[in-house]
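Single-structure report; data block below.
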Amino acid sequence: IYASIPSRRNGLGSAITFGNSIVPINPITGAVGQPIPAGSEPANLSITSNGQYIYTALDGPGAVGRLDVASKTFGGVFSLSNEAPFKGARFASDMQVAPGAVDTLAVSRTSDKLSLSHMSVAIYDNGTQRSQTTEKQFQLPWETNNVIEYGSSASTIYGLSLGSSIQDFHRM
């Protein structure tokens, strides 16, 4: 089992142990392994179907990085902030690795600038965003997909809108 540990301080003002790292945890004993430095404010995790990589949202810079599980090295960081500046930094609300792939990642993106924070779903191949996203100029709350999951193949992603009064299910 792996856990992402951000650097944010606890309520008492003291730093969190192993901050800004990914930590392996033995599922049988509960023993915590050696932390792996992972960049600024690691959050959501998504593992490839073959267990080779674990993708990690980095909430500090609005990016995603990748842990090579075998070598325990972190790298392959790419930005989610490549849209128009007025929309602000992008962050990963949810993300899923495509079935049978190690380099294709779907990301439900949020923004820190607009009141409607869930903006779009984009797909990244080796850290490069595909041109087509679900983004619209002005999304309505029921058009967002802040929870995503691939179907049985990489050709279909399902999205769920949570956090608004209308909770819709979409097929992308």
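Run Ser120 past the list (1) modelled with pLDDT under 85; (2) open to solvent by less than 40 Å² (accessible area, probe 1.4 Å); (3) within 21 Å of Ser40 (Cβ to Cβ); (4) under 18 Å from the mean Cα position of the chain (by Cα) and report the number of the one that doesn't hold.
(3)
Within region 82-116, which residues are open to solvent by less than 50 Å² (accessible area, probe 1.4 Å), hydroxyl-bearing (Ser, Thr, Tyr) and modelled with pLDDT under 80?
Once the filter is applied, which keeps residues that are open to solvent by less than 50 Å² (accessible area, probe 1.4 Å), hydroxyl-bearing (Ser, Thr, Tyr) and modelled with pLDDT under 80, region 82-116 yields only Ser111.
Return the residues of region 64-81 that are at pLDDT 95 or above and among the aliphatic types (A, V, I, L, M); say none if nothing qualifies.
Answer for region 64-81, where residues must be at pLDDT 95 or above and among the aliphatic types (A, V, I, L, M): Val64, Leu67, Val69, Ala70, Val77.
Give me a count of the residues in region 1-29 that are farther than 29 Å from Gly100 by Cβ, modelled with pLDDT under 95 and outside any strand (DSSP E or B).
So the count comes out to 15.
Which condition number does Ser164 fail, the rest of (1) open to solvent by less than 50 Å² (accessible area, probe 1.4 Å); (2) modelled with pLDDT of 75 or more; (3) among the hydroxyl-bearing types (Ser, Thr, Tyr) being met?
Condition (2) is where Ser164 drops out.
Determine if region 129-146 includes at least one residue that is touching a Lys or Arg at 6+ places or on another chain (Cβ under 8 Å), at pLDDT below 95 and closer than 27 Å to Ile36 by Cβ.
Within region 129-146, not a single residue is touching a Lys or Arg at 6+ places or on another chain (Cβ under 8 Å), at pLDDT below 95 and closer than 27 Å to Ile36 by Cβ.
For region 55-81, which residues satisfy the criterion of being buried (at least 20 other Cβ atoms within 10 Å of the Cβ) and farther than 13 Å from Pro37 by Cα?
Tyr55, Ala57, Asp59, Gly62, Ala63, Val64, Leu80
The values are calculated or read from the model by the stated rules, or taken from the named source; none is laboratory data. What you are looking at is a predicted structure, and each value in this text was computed from that prediction instead of being measured. Cβ sites come from the backbone with ideal geometry, for glycine too, and all protein chains shown count toward neighbours. Keep in mind that these areas ignore ligands, DNA and RNA; they rest on the heavy atoms of the full protein, side chains included. Shrake-Rupley method; radii C 1.70, N 1.55, O 1.52, S 1.80 Å.
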